[in-house]
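Report on one structure; see the data block that follows.
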Amino acid sequence: MGVQLLVLEVLCRAVGLGTAGWLTGSTFAVVTWAVLMIALRRSWTGPFGPANRVTLARATLVGAVTALVADSFEHRAPVGVLVALATVALVLDAVDGHVARRTGTATALGARFDMEVDAFLILVLSVYVAMPLGGWVLAIGLMRYAFVAASWGLPWLRGDLPHSMARKTVAALQGIVLVVAGAGIVPHIWAFITVAAALALLVWSFGRDIGWLWRTRT
């Protein structure tokens, strides 16, 4: 949490992070720390491990991106800084899993931590991209949370899914497309089309998984 606050202070001095960004980033740090501590006390028995430290570093970057996006509602966001932080966070997503496998420290809690960091980054990026493209982009960030909410009333949605490279590819594509669209390096119409295509793929991926869980619910 201290590192997160230090990063926010650097952003404040370097790019003029405002009050909204500072408060949002600080809240993210506190909530992340609290949730992680509760999870560790409930189910953790070994050392935190190098892979989880990489994920924690990613979470710190996501906190910085969250602060910048929150600040963008009041001031123009430093697009270069935001895109750079989000890009590093996305790249590190491939690192923590590799480290976990190489060091033999893969755990269910570590995988869940990684997944939650990914999901929140996509949500924050979808909020940022929704400003120029429209509120429909929020569906990309909210779809996973809607799936989790639905599973509270439909227990069969909590079943284990088989490994799928297609699912992983579609999930990774969301972050890449949102970063490119948010960077403003492609014409508006192409950003619209690309993000819409990414959303269509995400709907297909969730639909396929839901269909599989329904067929195997017994």
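Per-structure values
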| item | result |
| --- | --- |
| Global size of the range 5-158 as Cα Rg and Dmax, reported in angstrom | 16.4, 49 |
| Equivalent ellipsoid semi-axes, the range 56-146, via Cα gyration tensor eigenvalues times 5, rooted, Å | 26, 15, 9 |
| Projected label distance in nm at Phe206 and Ser43, using a 7 Å step from Cα toward the beta-carbon | 2.2 |
| Nonlocal amide H pairs with Leu17, under 5 Å, H built at 1.01 Å | Cys12 |
| Residues in the range 133-174 reached by a label modelled at Arg217 [backbone nitrogen below 17 Å; 7 Å Cα→Cβ] | 147-161 |
| Accessible solvent surface per residue of the chain, calculated while the other protein chains remain in place, 1.4 angstrom probe, Å² | 54 |
| Cα→Cβ-extended label distance, 7 Å offset, between Leu142 and Leu161, nm | 2.0 |
| Quotient of Cα Rg and 2.2 N^0.38 Å for the range 103-143, N being how many residues it contains | 1.53 |
| Accessible-area value, Thr87, 1.4 Å probe, nucleic acids and ligands omitted, Å² | 60 |
| Theoretical FRET efficiency, 1/(1+(r/R0)^6), r = Cβ-Cβ of Leu6 and Ala84, R0 22 Å, to 0.05 | 0.80 |
| Residue order for Ser43, Ser126 - accessible surface, 1.4 angstrom probe, largest first | Ser43, Ser126 |
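The values are calculated or read from the model by the stated rules, or taken from the named source; none is laboratory data. As the structure is a computational prediction, the values presented were derived from the model and not from experiment. Here Cβ is always computed from backbone atoms with ideal geometry, including for glycine, and neighbour counts include all displayed protein chains. Remember, those area values only see protein heavy atoms, side chains included, never the ligands or the DNA or RNA. Shrake-Rupley method; radii C 1.70, N 1.55, O 1.52, S 1.80 Å.
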